[in-house]
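These notes concern the structure reproduced below.
Since every read-out is calculated from the coordinates, none of them should be taken as a lab result. From a predicted model like this one, the values you see are computed outputs, not experimental measurements. Methodologically, a virtual Cβ is constructed for each residue, glycine included, from the backbone with ideal geometry; neighbour enumeration extends over all protein chains shown.
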Amino acid sequence: MVETLAVYRRLIGARIRSQYQYRASFALFSVGQFLTTFVDFLALLVVFTHVRQLAGWSVWQVAFLYGLSGVAFSLADVFVSQVEYLPDHVKGGTFDHFLVRPRGALFQLCAEEFELRRLGKLVEGGLVLALACGRVGVHWTAARIIVTAVSAMSGAVIFGSVWVVGAACNFWLIDAREVVNSFTYGGNFLTQYPLPIYGVVLRRILAFVVPLAFVSFFPALYVLGKHDPFTSLGFVRFLSPLVAGATLVVARLAWNAGVRHYRSTGS
C-alpha cells in the first residue's frame, strides 16, 4: 500500500510539473473552472429571488446542499474523472499499455490523466459550503462537523464509483460518455437541491438505484436539524459511509468485469 501511494505521488507529481510548464494556461483554466461552477450558484440565488423557500428549505440551507455536493463531486472530479478518457484508449487500442504494466489499469488511468487545474471547482464548492455553514443558523457541535466532513468524503467515493461503473460500460458500448455524464455531472446538479422537489420515480432512483441522495440530502437532514419527509428511520441520514463502501464494491466488480471482457483492436 505504501509503495503504491509512493508510485501514485510520483506519477501525479510528473503530471503537475508538465501542466505547470504553461502557467498562464494553468491559471486561466483553473479560474475558468471556478467561474463556470460559480455561475451555477448564482442561478440558485436567482431562483430564491422568486420564492422564499424551496420544499421547505431556505436559500442558505439549499446553499449548504450545493456546497456539500460541490465539494464531494469536485474531489471525485480531481482524482477519478480521468476514467472519462477510457473510450479513447479502448477505440485506439492503447488500453493494452495499461494491461502489460505491473500496476492496475484503473490506477494508471486515473494517475496518467490527472489534472490539478480541476481544483477550481473544489475551491468554489468549499467557499459556498463555508459561507452556508455560517448562515444556516445551527449550533455547530462536534457531531455536526464530523458528519459534514465524513459526508463530503463519502460523497466523493459515491461520485467516483458512479464514474468508474459508467466507464466500465465503455468496454461493451465503446463510447458511453454522454450516458455517464448524465449520472455524474447531471447527478451533481440534482444533489444541489432538496430531494422532495423531484418526482417519485426520480427520488427512488436517487435513493435506491444510483444512491446520490446520500451525497448531500440525507446527511444535511441531520446537520440542519430537518425532518425526513420520506422515512421515520433516523439512522438513514448516517448511512453515507456504508453506501459509499457498497458503491465502491460495485464499481470494482464492474471494472473487473469490463477488463475481462476487453478485446484489443489488434492494431
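Rounded to 0.05, the FRET efficiency of the Leu239 and Ser25 pair, given R0 = 41 Å and the Cβ-Cβ distance, is 0.45. Relative protection proxy for 116-129, 218-231, 150-163, from highest mean packing down: 150-163, 116-129, 218-231 (other beta-carbon atoms within 10 angstrom). With both labels modelled 7 Å from their Cα along Cα-to-Cβ, the Leu35 to Ala6 distance reads 4.3 nm. State the label only: which of (1) 19.8, 82; (2) 19.4, 62; (3) 23.7, 72 corresponds to Rg and Dmax of the Cα atoms in Å computed from the shown model? Given (1) 19.8, 82; (2) 19.4, 62; (3) 23.7, 72, the calculated one carries the label (2). For segment 189-225, backbone nitrogen atoms closer than 11 Å to the point 7 Å from Leu173 Cα along Cα-to-C-beta are found at no residue. Taking every pair of alpha-carbon atoms in segment 176-267, give the share separated by more than 18 Å as a whole percent. It works out to 54 percent of all Cα pairs. Could you calculate the FRET efficiency of Thr49 with Leu131 from 1/(1 + (r/R0)^6), where r is the beta carbon distance between them and R0 is 22 Å, rounded to 0.05? According to the calculation, E is roughly 0.80.
Helix content alone sets the calculated 222 nm mean residue ellipticity of the chain: runs of n ≥ 4 DSSP H residues at -39500 (n - 2.57) each, divided across all residues, give -21500 deg cm²/dmol. All C-alpha to C-alpha distances of segment 108-194, sorted into 5 Å bins beginning at zero, yield P(r) values of 3, 11, 15, 23, 19, 12, 9, 5, 3, 1, 0 percent in whole numbers. Build a GNM of the chain with springs between Cα atoms under 10 Å apart, and of Ala111, Ala167, Ala72 the one that fluctuates most is Ala111. Across segment 197-249, the volume of the C-alpha convex hull divided among the residues equals 77 Å³ per residue. If a spin label sat at a point 7 angstrom from the Cα of Ala14 along the line to its beta carbon, the backbone N atoms of segment 93-120 nearer than 18 Å would be those of 94-116.
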